[in-house]
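Asker: Quick one: this structure, given as structure tokens, is what I'll be asking you about.
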Amino acid sequence: MKFRGKITDIACLNHFTRVVTTISKLTKTCVLRLTPDHLFFILPGKVTNGGVGMWCQLLQANFFQEYQMEGVTSEVQEICLEVSPEPWSRALKTVQSAKSVKLKLTRKHCACLTVAAELPTLSSVGRVVTHDVPVDVIPRRLWQEFQEAGVPDFDVSVYLPPLKTMKSVVDRMKNLSNFLVMEANLNGDMNLKIQTDLVSVTTHFKDLGNPAWGDVSSQDGGPSQSRDPEVMAEVTVDIRKLQQFLMGQQVNPSKALCNIVHQNVVHLVLLHEDVSLQYFIPAVA
């Protein structure tokens with residue numbers, strides 16, 4: 001079981017650091033699943049039990065100039081590790097000016113993800129800084145928990161408004177209530193609402209647009225064509241979980257969308273050309 005990757009392009013290093021930092025804002029621990037072609041950051045949250053879930057997929061060729069891995073066996077070319085993304089993010093942030101950065105699975109006092117950075121120097125003697133981030137190797141018998149959840153059978157899918165705007169709205173609403181209603185329809189409308197005994201506040205977003213799968217039949221997870229486009233699907237969520245998602249976002253997605261399963265779950269998706277991030281927020285009981 002081996003893993004070694006090398007990044008020599010500064011733009012790739014910056015982008016990879018932003019992804020890891022985003023993950024660190026969403027969870028204290030997660031599963032890092034390594035395959036020959038992809039890296040996955042997974043939070044197998046039990047949405048049915050009130051926990052959030054996350055699935056982030058990266059194509060390794062878009063980040064690493066060198067990438068080698070050997071799985072647990074010659075037939076099973078995968079490695080699953082439990083990692084704490086925050087110290088990994090910290091380590092990557094300190095080596096942004098490096099000539100190259102190597103990431104490798106090592107065994108020191110325990111299993112570690114080692115970040116080894118070759119820093120620029122004026123002398124002929126090279127400088128290498130290493131950071132060891134402890135990890136736990138997850139046995140194969142537990143791997144079934146780390147498969148992609150898939151797109152839920154949602155009622156409405158809608159593009160999100162600019163995330164900075166949405167974050168500003170949610171930050172203000174958080175001062176008024178712990179719970180927020182997200183609702184949207186097939187006309188591209190989305191509302192964020194809070195309601196307490198003292199105050200009722202609604203922010204309206206119009207003409208956001210609906211992804212193409214929102215206009216096809218539900219066989220691929222999309223809503224039925226027979227659904228009235230004016231009817232709202234809604235979910236009441238813990239506003240802190242939504243705020244955490246918006247605060248941590250550093251991926252700068254080309255597309256951001258929201259799938260709503262009425263009164264059940266919000267499925268948020270950020271799409272970049274080489275990163276996809278899915279985040280599941282369950283309805284409050």
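The values are calculated or read from the model by the stated rules, or taken from the named source; none is laboratory data. In this text, all values refer to a predicted model and were calculated from it rather than measured experimentally. Positions of Cβ are backbone-derived with ideal geometry, glycine not excepted, and every protein chain shown enters the neighbour counts. For the accessible areas, the whole protein counts, side chains as well, though only heavy atoms, and no ligand, DNA or RNA atoms are used. Shrake-Rupley method; radii C 1.70, N 1.55, O 1.52, S 1.80 Å.
Asker: Can you tell me which of Arg141, Arg107, Arg127 is of a type in the set (D, E, K, R), under 21 Å from Leu43 (Cα atoms) and open to solvent by 80 Å² or more (accessible area, probe 1.4 Å)?
Answerer: Going through Arg141, Arg107, Arg127 in turn, just one is of a type in the set (D, E, K, R), under 21 Å from Leu43 (Cα atoms) and open to solvent by 80 Å² or more (accessible area, probe 1.4 Å): Arg141.
Asker: What residue, among those in segment 110-122 that are part of a strand (DSSP E or B) and of a type outside the set (Ser, Thr, Tyr), is nearest to the chain's Cα centre (by Cα)?
Answerer: Taking the candidates together, the pick is Leu113.
Asker: If you don't mind, another one. When you check Ser157 against the structure, is it among the hydroxyl-bearing types (Ser, Thr, Tyr), surrounded by 15 or more Cβ atoms within 10 Å (Cβ to Cβ) and not in a loop (DSSP other than H, G, I, E, B), yes or no?
Answerer: Taking the combined requirement at face value, the residue satisfies it.
Asker: Further, regarding this structure: Where in segment 45-109 are the strands (runs of 3 or more DSSP E), entirely inside, with at least 2 residues that are within 16 Å of Val31 (Cβ to Cβ)?
Answerer: 53-59, 79-83
Asker: Only one of Leu163, Leu119, Leu176 is in contact (Cβ under 8 Å) with a residue 12 or more places away in the chain and in contact with a Gly (Cβ under 9 Å, 6 or more places away or on another chain). Can you tell me which?
Answerer: One residue alone meets the criteria, Leu119.
Asker: Is at least one residue of segment 15-26 surrounded by fewer than 16 Cβ atoms within 10 Å (Cβ to Cβ) and of a type outside the set (Ser, Thr, Tyr)?
Answerer: No, segment 15-26 contains no residue that is surrounded by fewer than 16 Cβ atoms within 10 Å (Cβ to Cβ) and of a type outside the set (Ser, Thr, Tyr).
Asker: Considering (1) at pLDDT below 90; (2) within 22 Å of the chain's Cα centre (by Cα); (3) open to solvent by less than 50 Å² (accessible area, probe 1.4 Å), say which one Pro223 fails and leave the rest.
Answerer: Among (1) at pLDDT below 90; (2) within 22 Å of the chain's Cα centre (by Cα); (3) open to solvent by less than 50 Å² (accessible area, probe 1.4 Å), the lone unmet condition for Pro223 is (2).
Asker: Sticking with this one: From the list Glu78, Glu86, Glu70, Glu145, exactly one residue is more than 18 Å from Phe16 (Cα to Cα) and in contact with a helix residue (DSSP H, G or I) (Cβ under 8 Å, 6 or more places away or on another chain). Which is it?
Answerer: Glu78
Asker: Any idea which of (1) farther than 19 Å from Arg4 by Cβ; (2) touching a Leu at 6+ places or on another chain (Cβ under 6 Å) is the one Val125 doesn't satisfy?
Answerer: Unmet condition: (2).
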